[in-house]
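Structure, as structure tokens:
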Amino acid sequence: MKFLVNNNKYNILALTRFLGYHPHKNQSFSRRLNSGQFPRFHIYLSQVAKGWEFSLHLDQKGACYEEQVAHGGDYDGQILEDEKNRIISLLKN
């Protein structure tokens with residue numbers, strides 16, 4: 001799920017920390033839904049002229065095979081809509 005937030009008040013680390021995300025790998029960020037490693041929200045951010053472009057998905061589980069990056073993930077649905085709305089709401093203020 002991709003969406004744009006018009007907000008340039010933060011640098012990328014301050015922005016992600018404010019939203020409850022932590023650095024992951026490959027310049028991405030994640031936020032766990034519970035105490036386990038999965039499920040977790042996973043975002044990639046790109047700075048654009050008007051703010052930040054978010055690419056958000058939900059990692060349900062990790063890669064099944066060694067040295068693989070494929071994983072079980074959701075790219076749409078109500079839980080992602082709710083997280084998108086939470087992010088937008090926090091950054092409106």
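The values are calculated or read from the model by the stated rules, or taken from the named source; none is laboratory data. Because the structure is a prediction, the values reported are computed rather than measured. For neighbour counting, all protein chains shown are included, and Cβ atoms are generated from backbone atoms with ideal geometry for every residue, glycine included.
Out of the residues in segment 21-50 that are under 18 Å from N8 (Cβ atoms) and of a type in the set (S, T, N, Q), state the one that is modelled with the highest pLDDT. Looking at residues that are under 18 Å from N8 (Cβ atoms) and of a type in the set (S, T, N, Q), I get S46.
Here is the figure for segment 25-43: residues that are closer than 14 Å to E83 by Cβ and not small (G, A, S) total 9. Please enumerate the residues belonging to segment 13-50 that are farther than 17 Å from Q60 by Cβ and either surrounded by 15 or more Cβ atoms within 10 Å (Cβ to Cβ) or of a type in the set (G, A, S) (or both). Correct list: A14, L15, T16, L19, G20, Y21, F29, Y44, L45, S46, A49.
Within segment 1-24, can you find the residues that are of a type outside the set (V, I, T) and under 20 Å from D82 (Cβ atoms)? Listed by number, the residues that qualify are M1, K2, F3, L4, N7, L15, F18, L19, G20, Y21, H22. For segment 59-70, the criterion of being surrounded by 14 or more Cβ atoms within 10 Å (Cβ to Cβ) and either at pLDDT below 95 or of a type in the set (V, I, T) (or both) is satisfied by at least one residue.
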